[in-house]
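Okay, so here's the structure we're looking at.
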Amino acid sequence: MVPRSGTICQTSAWKQELAEAYRRLDDLLAACGLVAAEVPDLDLLPADFRLLVPRGFAALMRRGDPRDPLLRQVLPLRAERHLTPGYVLDPVGDGAAARGQGLLHKYAGRALILMTDACAVHCRYCFRKHFDYEGLVPSAQRQAAVVAAIRADESLREIILSGGDPLLLSDGMLGRWLHRLDAIAHLRRLRIHTRLPVVLPSRITESLVRVLRATRLDVTVVIHANHPNELGVAAEHALRRLRRGGITLLNQSVLLRGVNDQVATLEALSERLFSCSTLPYYLHQLDPVQGAAHFAVTDRDALILEERLRTRLSGYLMPRLVREHPGAFAKMPVSSDGWFSRLLNPGVSLNDPEDP
Ligand SMILES: *Cc1c(COP(=O)(O)O)cnc(C)c1O
Ligand code: SF4
């Protein structure tokens with residue numbers, strides 16, 4: 001048993017857990033009580049983006065169910081090899097938006113740093129799955145350039161640490177970043193986009209919370225859970241620990257066919273999030289990344305789901321259904337897409353009647 005107190009033991013515990021994550025399909029299937037022949041369309045030799053699933057996350061999957069919603073998020077299928085028109089390598093235009101040195105500045109007042117290309121889990125629908133991080137993740141030498149760019153732009157009030165998963169950096173590295181950002185007077189807020197409280201909750205140590213508390217910036221952690229079963233007891237404890245540290249907790253999900261495209265699932269997700277001190281933030285329409293078309297839910301179905309969800313949930317438990325448009329000034333509500341595309345095509349009158 002690893003003692004629960006003692007920072008050093010806790011730190012090595014999460015690194016050890018990451019080292020022991022499933023990287024071989026056979027091991028993952030065995031953990032789920034499945035054999036390859038039972039899984040329809042399984043890809044035994046995926047070309048890129050190899051399998052990676054922490055054991056604690058796999059333990060939340062239902063045994064013997066090839067359609068388990070957590071398993072579906074991480075299982076390589078042959079459907080990923082289909083080339084679907086409109087599904088591209090960099091669907092959100094990050095390559096073009098990169099302002100050099102790993103700083104993405106697309107929206108007013110906030111910019112995003114790609115802290116690392118590493119994740120603790122490989123999600124098959126990920127929009128960054130083919131992303132070329134080469135030269136975009138700031139190396140030790142280039143961190144100074146990122147900080148200088150942020151210091152020079154007084155319009156920035158919020159910095160988002162993203163990736164990859166920024167919480168895979170050590171406490172020491174994170175502490176040094178926070179220290180540099182803290183010293184930039186025009187910054188007010190820090191946001192961390194991470195899946196680790198869900199897939200590797202042992203990462204949320206008291207030592208990490210101390211690092212996140214040691215800044216004058218208001219800290220928000222935005223987690224990523226798509227299904228209520230992802231939030232087990234360990235995740236709940238990790239999130240409560242962050243909350244006790246004064247950190248605001250939000251969740252973003254991706255709407256995924258066969259995972260969370262049922263109103264009861266989305267309702268249960270919002271309820272479970274709240275019981276874990278976390279508010280729903282975004283429900284993203286899938287970014288059209290090559291090899292993920294089998295996860296797509298049509299806009300019509302997504303809007304119907306959203307309206308049904310609204311009949312069941314308190315207002316503050318409703319996630320915002322959004323889509324990312326390359327070149328847009330924000331994530332846009334799916335319901336405004338018709339209006340938005342007319343705005344982008346000034347030849348078309350804004351007073352055109354809406355499609356039914
Ligand atoms: C999504 C995103 C943000 C954050 O957008 P919010 O709507 O504020 O959550 C910021 N920068 C980039 C580049 C993004 O992709
Ligand atoms: S954790 Fe996030 S960035 Fe990493 S593979 Fe999953 S969706 Fe992509």
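The values are calculated or read from the model by the stated rules, or taken from the named source; none is laboratory data. Because the structure is predicted, anything quoted here is derived from the model rather than measured. Counting neighbours? That spans all protein chains shown, and the Cβs are built from the backbone with ideal geometry, glycine included. Ligands, DNA and RNA are stripped out before the accessible areas are found, and what is left, the full protein with its side chains, is counted by its heavy atoms. Shrake-Rupley method; radii C 1.70, N 1.55, O 1.52, S 1.80 Å.
Go from 0 up to the bin containing the longest alpha carbon distance in the chain, width 20 Å each, and give me the % of pairs per bin.
Over the chain, the share of Cα pairs per 20 Å bin runs 28, 61, 11, 0 percent.
Among LEU187, SER170, SER314, flag the residue with its Cα farthest along the positive direction of the charge dipole of region 12-344, charges on Cβ as +1 for Lys/Arg and -1 for Asp/Glu.
Result: LEU187, furthest along the dipole toward the positive end.
Whole-Hz Karplus ³J(HN,Hα) for region 29-44, in order, using 6.51 cos²θ - 1.76 cosθ + 1.60 and θ = phi - 60°, x for Gly and Pro?
Residue by residue, region 29-44 yields 4, 4, 5, 8, x, 10, 10, 3, 5, 7, 9, x, 6, 4, 9, 6 Hz.
Lysines within cross-link reach of LYS106: Cα-Cα under 28 Å, excluding same-chain residues under 8 positions apart?
Within the straight-line cut-off, LYS106 pairs with LYS129, LYS331.
Per residue, what accessible area does the chain have, given a 1.4 Å probe and all protein chains present, in Å²?
46
Can you tell me the Rg and Dmax of region 248-323, counting just the alpha carbons, in angstroms?
Both quantities, over Cα of region 248-323: 12.1, 36 Å.
Just how large is the dipole of region 12-344 about the Cα centre, in debye to the nearest 20, putting +1 at every Lys and Arg Cβ and -1 at every Asp and Glu Cβ?
940
How big is the C-alpha Rg of region 175-220 next to the rule-of-thumb value 2.2 N^0.38 Å, as a ratio?
Dividing the Cα radius of gyration by 2.2 N^0.38 Å gives 1.22.
Can you find, among VAL209, LEU42, MET332, the residue sitting farthest towards the positive end of the charge dipole of the chain, where Lys and Arg contribute +1 and Asp and Glu -1 at Cβ?
So the residue furthest toward the plus end is VAL209.
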